[in-house]
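A short write-up of the structure that comes next.
Throughout, read-outs are computed from the coordinates displayed, never taken from laboratory work. What you are looking at is a predicted structure, and each value in this text was computed from that prediction instead of being measured. With ideal geometry, Cβ positions are generated from the backbone for all residues, glycine too; neighbour counts draw on all protein chains shown.
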Amino acid sequence: MNGRLLTESLEGRELFIYLPPSYETSKTGFPVVYVQDSGY
């Protein structure tokens, strides 16, 4: 998979954020998908 995978921490939870290759240069929006762990 091309692109960037960022890892952040928020209130003790680890977040993984995938950015497609053209994210930095694109002027159009991108769809968002939120996936929650079943232990939430």
Verdict on Y23 being surrounded by 10 or more Cβ atoms within 10 Å (Cβ to Cβ), part of a loop (DSSP other than H, G, I, E, B) and hydroxyl-bearing (S, T, Y): yes
Identity of the residue in segment 1-20, part of a loop (DSSP other than H, G, I, E, B) and out of contact with any strand residue (DSSP E or B) (no Cβ under 7 Å at 6 or more places or on another chain), that ends up surrounded by the most Cβ atoms within 10 Å (Cβ to Cβ): P20
